[in-house]
Structure formats: structure tokens, C-alpha cells
Amino acid sequence: MRYDGRAWDKSPSGTTVPLNSVWGSGPGDVYAAGERGTLLHFDGNAWSAVNLGVSTQVALNDVWGSGPRDVWLVGEQGTLRHFDGARWQPGDYKTERNLSSVHGSGPGDVFVTTSGSEVLYYNGKKWTALPTGVQSTLGSVWAHAPGDTWLAGSDAVILRFQSAAK
């Protein structure tokens with residue numbers, strides 16, 4: 001569905017697969033991620049499937065980007081992909097954990113929640129696992145600004161990550 005400021009309009013996606021997340025850099029650059037390894041792209045006129053080469057047994061849980069040349073996608077079984085404006089490439093962090101949510105404040109400040117209590121952090125060059133000190137499964141992340149990130153998860157846990165990067 002798309003809201004034009006007055007009403008909701010159905011936007012036929014061409015799939016019957018449940019979709020889990022949507023993100024866009026503008027009205028002509030929107031991604032929708034979903035079950036069975038489904039990633040769709042809207043170019044302003046129509047939706048088309050993006051071939052990531054991931055298993056159709058894998059759910060893609062979240063998509064986020066800082067712009068049209070910096071888009072991240074996360075999913076089950078450690079699925080981590082990055083779009084640089086030309087092609088989708090696997091992320092360079094290997095894990096078998098399910099990845100739930102991705103968000104950042106820019107290309108050098110990206111956070112990913114896992115099916116455990118660990119958070120993955122990308123500084124623009126490499127991924128690092130950040131222990132949180134909780135046992136809760138973290139399902140959502142929102143980065144307000146460099147050095148100011150919020151996490152939420154099971155057991156009603158809310159965490160705030162602050163660093164000197166502000």
C-alpha cells in the first residue's frame with residue numbers, strides 16, 4: 001500500500017509471498033523484503049523481483065539503507081547482503097544466527113540484531129559483534145545518530161547504546 005497524502009493506494013507487487021519490511025530512498029527506489037528469499041524493487045512504475053541467490057527457505061526480515069547506493073538486507077540463517085548501487089553482495093560477517101533488524105545513521109554506523117542477545121555493528125569497514133549483557137532476543141534496532149542507538153526485544157527489554165561517536 002502507498003499513501004499519497006490523502007488516501008492509501010494498492011500497489012500490486014506481483015507476489016503472494018508475505019512481506020516483512022519496506023524501505024526506500026525515494027518514490028522511485030523502494031525495496032520490500034519477505035518470506036522465501038523474496039526481495040522486490042519498485043522503480044516508480046512497477047515492482048520487480050531481485051535475484052539475490054539466497055535459498056527460498058530463508059525469510060528476509062528487514063531492509064534499510066542510508067541512500068540508493070547503500071542498502072542493507074538481513075534475514076534468517078545469517079543472511080546479510082549489501083547493495084552498493086550496482087549489485088547486491090554478501091556481507092563479510094559469517095554467522096548462522098537469524099538476523100532480525102537492520103538500521104543505522106549512515107554508511108559507517110550500521111547495527112543488526114540477531115536471534116540471540118548479540119548485536120552486530122558495522123563501522124564502514126568491518127563488522128564487530130557487540131555483547132549487550134542481556135539474555136533477551138533483540139528484534140528491533142533504530143539508530144538516531146552516530147553514537148545513539150536503541151534496541152528492543154523479548155522480555156520487554158529496551159536498551160540504549162551510546163558512544164563517544166556523537
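Readers should treat all values here as calculations from the given coordinates under stated rules, not as data from a laboratory. These figures come from a predicted structure and were not determined experimentally. Cβ placement follows ideal geometry from the backbone for every residue including glycine, while neighbour counts extend to all protein chains displayed.
All other residues whose Cβ lies under 13 angstrom from that of residue 63 are scored, Lys and Arg at +1 and Asp and Glu at -1, for a net of -2. Applying the criteria of a DSSP loop state and at most 12 other Cβ atoms within 10 Å to the trypsin sites (Lys or Arg not before Pro) of the range 88-133 yields 94, 125, 126. So what's the net charge close to residue 102: Lys and Arg +1, Asp and Glu -1, counting the other residues with Cβ under 13 Å from its Cβ? Combined, the nearby Lys, Arg, Asp and Glu give -2. Each Lys or Arg adds one and each Asp or Glu takes one away; over the other residues whose Cβ falls under 14 Å from the Cβ of residue 114, this sums to -2. Annotation: amide H-H contacts under 5 Å for residue 59 (H modelled 1.01 Å from N, sequence separation of 5 or more, or interchain): 36, 37, 76. Relative to the globular-protein estimate of 2.2 N^0.38 Å, the Cα radius of gyration of the chain stands at 1.03.
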